[in-house]
Amino acid sequence: MMEFLKDRYGRRVNYLRISVTDRCNLRCHYCMPLHGLQFHKKEEILSFEEIVHTVQIANRLGIDRARLTGGEPLVRRDLPVLIKMLRNETDLKELSLTTNGLLLERLAEELATSGLDWINVSLDSLRPDRFTRITRFGLLETVWAGLRRATEVGLKPIKINTLVLKNFNEDEVEDWLDLTMNNEFVVRFLELMPIGEGADLTHLGGFANLSEIRNELIEKFGLVPAKPGRGNGPARYWKVPGAKGMIGFILPISEKYCDTCNRFRLTANGEIRPCLAYDVHVKLLDVIRAGDEDAIRAGFLEAADMKPEGHHWEVGQVTQTLMSSLGG
C-alpha cells in the first residue's frame with residue numbers, strides 16, 4: 001500500500017524540486033550577487049545516479065511530480081541524460097524544468113525527446129534594455145529564440161515566469177496579457193520574495209502588490225478564470241475570452257498560500273529543504289552516497305516534521321539564503 005508523506009499540519013507532500021547545480025550563466029539582481037559567490041565543489045554535487053535513487057525512494061512516499069532547477073539547470077552537462085533516467089527508472093507522473101532560456105534553442109529538441117513534459121522560462125521583461133539590466137548581461141533575443149524552438153519541438157505548455165517590480169516593469173503587465181491573445185503561453189506574474197539578494201532591491205524597484213494589479217486587469221479586460229493543462233502549483237489563472245494563452249498570479253505575500261504547500265526541495269548538495277522561508281534542512285548527502293535507503297526515507301520524514309506552518313514575509317521576515325542555491 002502506498003505511503004503518503006504528510007507534515008505536522010496534514011499537508012501532503014507530493015512534489016519535489018530538484019536543484020542539479022548552484023551555478024548560473026546570468027546574475028539576476030534578485031537571485032545572485034555579481035561577485036563573491038562560493039559554489040559547491042564538483043564532488044559535493046549529487047550525481048545523476050544519486051538523484052534517481054533518491055527520487056525512487058521519494059516515489060514510495062507518494063512524491064510523483066518533480067521539477068529540475070538550478071541555479072540554471074541547463075548548464076549541468078548532459079542534463080537530458082538525467083531526464084531520460086528519471087523517465088525510465090522512476091514513477092514520476094510529471095517532470096518539468098525551470099530555465100532562463102539562454103541555452104534552450106540548442107537543447108530544446110533533446111529535452112523533448114528525453115521525456116521532459118514542459119518548461120518554465122524565467123523572463124522578467126519584454127524590453128531588451130530592461131532584460132539586460134535585471135539579468136546583468138542577458139540578451140532577450142537569445143531567450144526568444146529558445147522559446148520559439150521549444151514551441152516547435154512540442155514542449156507545451158510553455159510557462160513564462162515574470163517577477164513584477166514596482167517602478168521597474170509593472171507597466172509591462174498589459175503587454176504580457178496582449179502576448180497571450182495569439183500565443184499559447186502561460187504567463188505567470190510573481191511577487192518579490194525577501195530571499196537573499198531579493199531582500200533589498202530598492203536600487204532596481206520595489207514590491208508590487210499583484211493582487212491589486214490582478215483585480216484591475218479583471219475589471220478592465222473582463223478576464224475569466226482559466227486552468228492550464230498541467231501543473232499543480234499555487235498560481236491562479238485568468239484569460240481574456242478567446243485568447244490562446246492565459247496569465248497566472250503567484251502571490252506569496254498578498255495572498256499567502258502556505259496552507260496548501262505540497263513541496264520539498266532537494267538541493268544540488270543533497271539537502272532536503274521543506275520551506276523556502278526558513279533555513280531548516282536535512283543533510284542527506286552522506287546517506288545517499290552510502291545507498292542507505294532507510295536513512296534516506298527517514299530524512300524525508302524528518303523534513304516533513306520540520307516543515308513550518310507558514311512564512312512571515314508579510315510582516316518583515318527576511319530569508320538570508322541565496323535563491324540560486326535553493327532552486328526557487
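The values are calculated or read from the model by the stated rules, or taken from the named source; none is laboratory data. Computed from a prediction, not measured in an experiment: that's the story for all the values here. Virtual Cβ from ideal backbone geometry, glycine too; neighbours counted across all protein chains shown.
What's the number of the only condition in (1) in contact with a Leu (Cβ under 8 Å, 6 or more places away or on another chain); (2) at pLDDT 95 or above; (3) crowded, with 17+ Cβ neighbours inside 10 Å that LEU285 fails to meet?
Result: LEU285 fails condition (3) only.
In the range 54-84, how many residues are in contact (Cβ under 8 Å) with a residue 60 or more places away in the chain, more than 30 Å from LEU165 (Cα to Cα) and either touching a helix residue (DSSP H, G or I) at 6+ places or on another chain (Cβ under 7 Å) or hydroxyl-bearing (Ser, Thr, Tyr) (or both)?
5
Take the residues in the range 61-76 that are part of a loop (DSSP other than H, G, I, E, B) and under 20 Å from the mean Cα position of the chain (by Cα); name whichever of them is nearest to ILE296 (Cα to Cα). Even if it seems obvious, please write down each step before you answer.
First pass over the range 61-76, keeping only residues part of a loop (DSSP other than H, G, I, E, B): 61-64, 70-72, 76.
Checking which are under 20 Å from the mean Cα position of the chain (by Cα) leaves us with 63-64, 70-72, 76.
On the way: ILE63: 14, ASP64: 17, GLY70: 22, GLY71: 24, GLU72: 26, ARG76: 24 Å.
Once the filter is applied, the top-ranked residue is ILE63.
Filter the range 67-94 down to residues that are within 16 Å of VAL121 (Cα to Cα) and buried (at least 21 other Cβ atoms within 10 Å of the Cβ), then give me how many there are.
Going through the range 67-94, the residues within 16 Å of VAL121 (Cα to Cα) turn out to be 67-75.
Going one step further and asking which of them are buried (at least 21 other Cβ atoms within 10 Å of the Cβ), we end up with 67-74.
Of the residues in the range 67-94, 8 are within 16 Å of VAL121 (Cα to Cα) and buried (at least 21 other Cβ atoms within 10 Å of the Cβ).
Please go through the range 187-219 and give me each residue that is closer than 26 Å to LYS239 by Cβ, surrounded by 13 or more Cβ atoms within 10 Å (Cβ to Cβ) and of a type in the set (D, E, K, R), ordered by number.
ARG188, GLU191, ARG214
Could you say whether any residue in the range 147-167 is touching a residue at least 60 places away in the same chain (Cβ under 8 Å) and over 16 Å from ASN120 (Cβ atoms)?
no
Taking the stated definitions as given, is GLU43 without any contact (Cβ under 8 Å) to a residue 12 or more places away in the chain, farther than 16 Å from THR98 by Cα and assigned to a helix (DSSP H, G or I)?
So GLU43 passes the test.
Of all residues being touching a residue at least 24 places away in the same chain (Cβ under 8 Å) and hydrophobic (A, V, I, L, M, F, W, C) in the range 290-309, which is surrounded by the fewest Cβ atoms within 10 Å (Cβ to Cβ)? Just the residue, please.
LEU301
Within the range 77-102, restricting attention to residues that are more than 16 Å from the chain's Cα centre (by Cα) and among the polar types (S, T, N, Q), which residue is nearest to ILE296 (Cα to Cα)?
So the residue we want is THR90.
Looking at the range 152-174 only, could you name the residues that are more than 13 Å from ILE213 (Cβ to Cβ) and in a helix (DSSP H, G or I)?
GLU152
Every residue, every condition in (1) surrounded by fewer than 21 Cβ atoms within 10 Å (Cβ to Cβ); (2) more than 23 Å from VAL75 (Cβ to Cβ); (3) not small (Gly, Ala, Ser), yes or no:
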| position | (1), (2), (3) |
| --- | --- |
| ASN100 | no, no, yes |
| ARG106 | yes, no, yes |
| GLY115 | yes, no, no |
| VAL121 | no, no, yes |
| ARG130 | yes, yes, yes |
| ILE134 | no, no, yes |
| LEU163 | no, no, yes |
| GLU170 | yes, yes, yes |
| PHE185 | no, yes, yes |
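Take the range 166-204 and flag every residue that is polar (S, T, N, Q) and at pLDDT below 95.
Filtering the range 166-204 down to residues polar (S, T, N, Q) leaves 167, 169, 180, 182-183, 202.
Within the range 166-204, ASN167, THR202 meet the criteria.
Out of all the residues in the range 114-145, which are over 16 Å from THR162 (Cβ atoms), in contact (Cβ under 8 Å) with a residue 40 or more places away in the chain and assigned to a helix (DSSP H, G or I)?
THR142, ALA145
Anything in the range 205-246 that is among the small types (Gly, Ala, Ser) and at pLDDT 90 or above? List them, or say none. Don't jump to the end; show me each part of the working.
Residues of the range 205-246 among the small types (Gly, Ala, Ser): 205-206, 208, 211, 222, 226, 229, 231, 233, 235, 242-243, 245.
Selection gives ALA208, SER211, GLY222, ALA226, ALA235, GLY242, ALA243, GLY245.
What do you reckon, is ALA58 of a type in the set (Gly, Ala, Ser), in a helix (DSSP H, G or I) and under 19 Å from VAL13 (Cα atoms)?
Criteria met by ALA58.
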